[in-house]
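Peer 1: Next up is a structure, given as structure tokens.
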Amino acid sequence: MSLLFSGRRSVDRSDAAAWCPSRRELLRGGAVLGLSAGLAHVLTGTAAVAADSFPLRQAMMQINGQMFRIIEQGTGGAVLFCHGFPDTAATWRSQMRAVAEAGYRAIALDMRGYGDSYAPAEADLYTSLHIVGDLVGVLDVLEIPSAVVVGHDWGADHAQRAALLRPDRFRALVSLSIPYAPRGDVNYWDFLRSNGFGKRYYALDMLHAGAEQQFEPAARSIPSILYWLSASPEAGTGWDPVDPPRNMLRPSPVTVPDWADPSYVSHTIRAFDKTGFGGGLNYYRALPKTFDLTPAFKNAGILQPSLYIWGEADGLCQFFHPGAPSVDDLRKAQPGLVGAIKIEKAGHWLQHEAADRVNAELLRFLRSI
């Protein structure tokens, strides 16, 4: 299998808007490449992109034979950002800016199944082996020997698998909202069912054929997911992953939460209007296949320096570790863990809800390693 080996870089000339110059020109360029003015504003937070000292660069690149959308900002040591569900690379706009200004090279991709990237229909093509192959392929195409990998939600899960499977390419790890859990004796969905959560845990509803329809249209579901998973709702009313009446798809009382950039919300809605939600749900559906493919990593720990950041009001974190997790307990599976940072008054979208704090903790970690 070639999943964990590099692809070759190429330019997709089928769409003039996707054209990008050579890698040397890409790194030297003083303007946003391949971005419309509207999307450039979403990703940089300013309309004056051409005069920016840290311009955002975009390219469509061939990774292991398939096309992926990559964005970059800054130069220096590489930091690779991985988003979760339902999201795109644009979710990292604040963190990429902060990292670039601090002297690092920030890189993010529309993950497999999202945005403008490769989106196969088959769920079995979304295992951790496939996703880690994509991440290694990004480094190969950009000629980066190793990077710090940062992930949120499903992006955190796959960032963790990347650190586990390829420690030679991912020298450190930052997980947002999802703590690391080694592979055990039974896949997580069966574990939940055997413990009485079969009709309660939110993700089990996403495994069924046609589950995508409950998320359509995106103009309804995206505002709901952003609002209910955040710290914005009154105490006791936010999303609870094991309480169906407190589900994430309840009508949101606001179109845009007060912590969210309206252009980011609009961009996310447009992205899912274009792609649908099938690619994102395939991450949930592929979990048992990943389990079947990775018996060699049962109980394996992550040895690299790592950091865990979570929001106090995140219903998923409250389910994974009621109250604050013990750093000593987390270090049993992550000996290199330097800390578990709780951010108060933040929920699942802490990279937006508490961007300044997340950026500060991320930079502190990068400097420490």
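The values are calculated or read from the model by the stated rules, or taken from the named source; none is laboratory data. These figures come from a predicted structure and were not determined experimentally. For neighbour counting, all protein chains shown are included, and Cβ atoms are generated from backbone atoms with ideal geometry for every residue, glycine included. Just the protein is used for accessible areas: all its heavy atoms, side chains included, with ligands, DNA and RNA removed. Shrake-Rupley method; radii C 1.70, N 1.55, O 1.52, S 1.80 Å.
Peer 1: Select from segment 240-255 the residues that are over 20 Å from GLN214 (Cβ atoms) and either touching a Leu at 6+ places or on another chain (Cβ under 8 Å) or not in a loop (DSSP other than H, G, I, E, B) (or both) and list them in ascending order.
Peer 2: Across segment 240-255, there are no qualifying residues.
Peer 1: Restricting to segment 67-81, give me the number of residues that are open to solvent by less than 10 Å² (accessible area, probe 1.4 Å) and hydroxyl-bearing (Ser, Thr, Tyr).
Peer 2: So the count comes out to 0.
Peer 1: Given the conditions (1) part of a helix (DSSP H, G or I); (2) touching a helix residue (DSSP H, G or I) at 6+ places or on another chain (Cβ under 7 Å); (3) not polar (S, T, N, Q), and given that LYS274 satisfies all but one, which numbered condition is not satisfied?
Peer 2: Of (1) part of a helix (DSSP H, G or I); (2) touching a helix residue (DSSP H, G or I) at 6+ places or on another chain (Cβ under 7 Å); (3) not polar (S, T, N, Q), only one is false for LYS274: (2).
Peer 1: Another one. For segment 127-139, state whether one or more residues are open to solvent by less than 10 Å² (accessible area, probe 1.4 Å) and under 20 Å from PHE365 (Cβ atoms).
Peer 2: There is at least one residue in segment 127-139 that is open to solvent by less than 10 Å² (accessible area, probe 1.4 Å) and under 20 Å from PHE365 (Cβ atoms).
Peer 1: Follow-up. For SER194, which of the numbered conditions (1) in contact (Cβ under 8 Å) with a residue 12 or more places away in the chain; (2) open to solvent by 40 Å² or more (accessible area, probe 1.4 Å); (3) hydroxyl-bearing (Ser, Thr, Tyr) fails to hold?
Peer 2: Just one mismatch for SER194, condition (1).
Residue-by-condition table, conditions (1) within 27 Å of ARG367 (Cα to Cα); (2) touching a helix residue (DSSP H, G or I) at 6+ places or on another chain (Cβ under 7 Å); (3) at pLDDT 50 or above; (4) open to solvent by less than 30 Å² (accessible area, probe 1.4 Å):
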site	(1), (2), (3), (4)
PHE54	yes, yes, yes, no
GLY65	no, no, yes, no
HIS83	yes, yes, yes, yes
MET96	yes, no, yes, yes
TYR104	yes, yes, yes, no
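Peer 1: Among the residues of segment 186-193, are any outside any loop (DSSP other than H, G, I, E, B), within 15 Å of the chain's Cα centre (by Cα) and either modelled with pLDDT of 95 or more or among the small types (Gly, Ala, Ser) (or both)?
Peer 2: Within segment 186-193, none of the residues are outside any loop (DSSP other than H, G, I, E, B), within 15 Å of the chain's Cα centre (by Cα) and either modelled with pLDDT of 95 or more or among the small types (Gly, Ala, Ser) (or both).
Peer 1: Let me ask something else. With the requirement that a residue be of a type in the set (Phe, Trp, Tyr) and either out of contact with any Gly (no Cβ under 9 Å at 6 or more places or on another chain) or within 20 Å of SER326 (Cα to Cα) (or both), what does segment 339-369 give you?
Peer 2: PHE365, the sole residue that qualifies.
Peer 1: Select, from GLN334, GLN318, GLN351, the only residue that is of a type in the set (S, T, N, Q) and open to solvent by 10 Å² or more (accessible area, probe 1.4 Å).
Peer 2: Being of a type in the set (S, T, N, Q) and open to solvent by 10 Å² or more (accessible area, probe 1.4 Å) holds for just one of GLN334, GLN318, GLN351, which is GLN318.
Peer 1: Still on this structure, I have one more. Within segment 258-281, how many residues turn out to be in contact with an Asp or Glu (Cβ under 8 Å, 6 or more places away or on another chain) and of a type outside the set (A, V, I, L, M)?
Peer 2: Final tally of qualifying residues: 5.
Peer 1: Here is a follow-up. Taking only pairs six or more apart or across chains, which ones have beta-carbon atoms under 7 Å, a first residue in segment 280-295 that is open to solvent by 40 Å² or more (accessible area, probe 1.4 Å), and a second residue that is modelled with pLDDT of 95 or more and among the β-branched types (Val, Ile, Thr)?
Peer 2: Hits for this filter: LYS289/THR127; LEU293/THR127.
Peer 1: Given the residues ALA209, ALA218, which is the only one that is among the aliphatic types (A, V, I, L, M) and open to solvent by 30 Å² or more (accessible area, probe 1.4 Å)?
Peer 2: Matching residue, one of ALA209, ALA218: ALA209.
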